[in-house]
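S.K.: I am attaching a structure below and will ask some questions about it afterwards.
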Amino acid sequence: MKSLDAFADAKRVSLARRRRLRALAPTTRVGPAHLIRNGRRLVEFCGNDYVSLTHHPAVVAAAQEAAARFGTGAGASRLVTGDHPLLGQLEAALAAWLERPAVMLFGSGYLANVGIVPALAGPGDTVVLDARCHACLFAGAQLSRAEVVVTPHADVQAVATALDAATGQALVLTDGIFSMDGDRAPLEALAGLCEARDAWLMVDDAHGLGVLGHGRGSTVGVPVPLLVGTLSKSLASYGGFLAASASVVDLLRSRARTGVYTTGLPPASAAAALAALQVLQAEPERCARPLVLARRFAAALELPEPASPIVPLVVGGEAEALAASARLEAAGFLVTAIRPPTVAVGTSRLRVTFAAGHTDDDVDGLVAAVRRER
Ligand SMILES: *Cc1c(COP(=O)(O)O)cnc(C)c1O
């Protein structure tokens, strides 16, 4: 269709003019924090495999064995024949780890959020979320058809005001650790507000789990009735989950559309996550290392002390961020540029992340390369 391609081309040209067109770059991850791109071996400083378990021998072996024994795909939704026993085992292991009554797996963290919010809030209700929440929390809020109130970043007073004005049931959504800035949400204050006003607090801790709180995340010690996580970051696999009460999980098994109308996780993905969880629990020093390295990096560059393994180097314009990223790549370090609309206009950045598999020398090498940028 001519009009269709003309539409796509016009949009692409407009994005390219603003340096916002995105392109894939085939990349082979070959081991902890190392990858090959364009024939060159690079140290990766922008991934989310924080505990460096995607290449751990026990995790790889678990996935291989599950695929060999149980096949490569689930074959159907969980409610039909896709509920391999490994899925229930993983849910039980995650629930025990996070000290929650129940866990429900989803196909990804994105699918979890997009399924959970519309199952708990609808027209007449109010969903309050932080302006810097992950895109999938916004998507879930919009799909719910509740009134959506976006509050300024980390502004507890604005959340209180929104809750005072809310109609129907209020649901408050936040990242635990904000994915592009690495800062921690004001979770204690939000939890207190929500308890006082009978609002339901949902925390997406994709970047806290595995690294903070001895691996148990940014919410340890905070009453959070709805805790969302992913299997795709520290748990070195693919998938997402909700940890909540048995009542909530039971309801969502019938009502979360991204759980009902989609294929179950491949058994190998569940097996890998189970094995990764065992390593995480057995090796707390592995969980602690990403933050130790982030602090080493920040201290060397006289940046504020990071709260997580995510350290943003805000550059400003799209073109400048792309150029800085290209220079680091030439020096052997991959730090992808993050541009709008992922971050606000004028705050394009290098989002530097640290993983257990980085050596001290890797980090010091990056420090030297960033110093040359300044
Ligand atoms: C990465 C991320 C997700 C998406 O998780 P996937 O399992 O990759 O779909 C959700 N929320 C936050 C905050 C994230 O950073």
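The values are calculated or read from the model by the stated rules, or taken from the named source; none is laboratory data. Quantities reported herein were computed from a predicted structural model and do not represent experimental measurements. Cβ atoms come from the backbone with ideal geometry, glycine included; neighbour counts cover every protein chain shown. The protein model used for the area step is the full one, side chains on, heavy atoms only, and it has no ligands, DNA or RNA in it. Shrake-Rupley method; radii C 1.70, N 1.55, O 1.52, S 1.80 Å.
S.K.: Report yes if Ala166 is open to solvent by less than 10 Å² (accessible area, probe 1.4 Å), in contact with a strand residue (DSSP E or B) (Cβ under 6 Å, 6 or more places away or on another chain) and not β-branched (Val, Ile, Thr), otherwise no.
M.R.: Here the answer is no, as Ala166 does not meet what is asked.
S.K.: Consider segment 207-262. How many of its residues are touching a Pro at 6+ places or on another chain (Cβ under 8 Å), farther than 15 Å from Asn113 by Cα and open to solvent by less than 50 Å² (accessible area, probe 1.4 Å)?
M.R.: 3
S.K.: Something else now. Answer yes if at least one residue in segment 245-258 is part of a helix (DSSP H, G or I), within 14 Å of the ligand (Cβ to nearest atom) and touching a residue at least 12 places away in the same chain (Cβ under 8 Å), and no otherwise.
M.R.: Looking for residues that are part of a helix (DSSP H, G or I), within 14 Å of the ligand (Cβ to nearest atom) and touching a residue at least 12 places away in the same chain (Cβ under 8 Å), one finds at least one in segment 245-258, hence yes.
S.K.: Need at least 3 residues that are under 26 Å from Ser234 (Cβ atoms) and open to solvent by less than 70 Å² (accessible area, probe 1.4 Å) per element, so show me which strands (runs of 3 or more DSSP E) inside segment 54-158 make the cut, counting only ones lying wholly within it.
M.R.: 102-106
S.K.: Got a number for residues in segment 159-172 being part of a loop (DSSP other than H, G, I, E, B) and among the small types (Gly, Ala, Ser)?
M.R.: The qualifying residues number 2.
S.K.: Something else now. Just for segment 179-189: of the residues that are in contact with a strand residue (DSSP E or B) (Cβ under 9 Å, 6 or more places away or on another chain) and surrounded by fewer than 24 Cβ atoms within 10 Å (Cβ to Cβ), which one is nearest to Ala273 (Cα to Cα)?
M.R.: Looking at residues that are in contact with a strand residue (DSSP E or B) (Cβ under 9 Å, 6 or more places away or on another chain) and surrounded by fewer than 24 Cβ atoms within 10 Å (Cβ to Cβ), I get Ser179.
S.K.: Checking Ser232 against (1) more than 14 Å from the ligand (Cβ to nearest atom); (2) in a loop (DSSP other than H, G, I, E, B); (3) out of contact with any Leu (no Cβ under 9 Å at 6 or more places or on another chain), which single condition isn't satisfied?
M.R.: (1)
S.K.: For the subset of segment 328-374 comprising residues that are basic (Lys, Arg) and exposed (fewer than 14 other Cβ atoms within 10 Å of the Cβ), which member is nearest to Ala131 (Cα to Cα)?
M.R.: My answer is Arg374.
S.K.: Report every pair of residues separated by at least 6 positions or lying on different chains whose Cβ atoms are under 6 Å apart, first residue within segment 126-150 and closer than 21 Å to Ala191 by Cα and of a type in the set (Gly, Ala, Ser), second near the ligand (Cβ under 10 Å from one of its atoms) and open to solvent by 10 Å² or more (accessible area, probe 1.4 Å).
M.R.: Gly140/Val114
S.K.: Still on this structure, please answer the following. Quick check on Val203: is it away from the ligand (no atom under 13 Å from the Cβ), under 17 Å from Ala185 (Cα atoms), free of Cβ contacts under 8 Å to residues at least 40 places away in the same chain and buried (at least 23 other Cβ atoms within 10 Å of the Cβ)?
M.R.: Considered against the rule, which asks whether it is away from the ligand (no atom under 13 Å from the Cβ), under 17 Å from Ala185 (Cα atoms), free of Cβ contacts under 8 Å to residues at least 40 places away in the same chain and buried (at least 23 other Cβ atoms within 10 Å of the Cβ), Val203 comes out as no.
S.K.: Restricted to segment 28-57, and to residues that are of a type in the set (S, T, N, Q) and touching a residue at least 12 places away in the same chain (Cβ under 8 Å), which residue is farthest from Ala272 (Cα to Cα)?
M.R.: Only one residue tops the list, namely Asn38.
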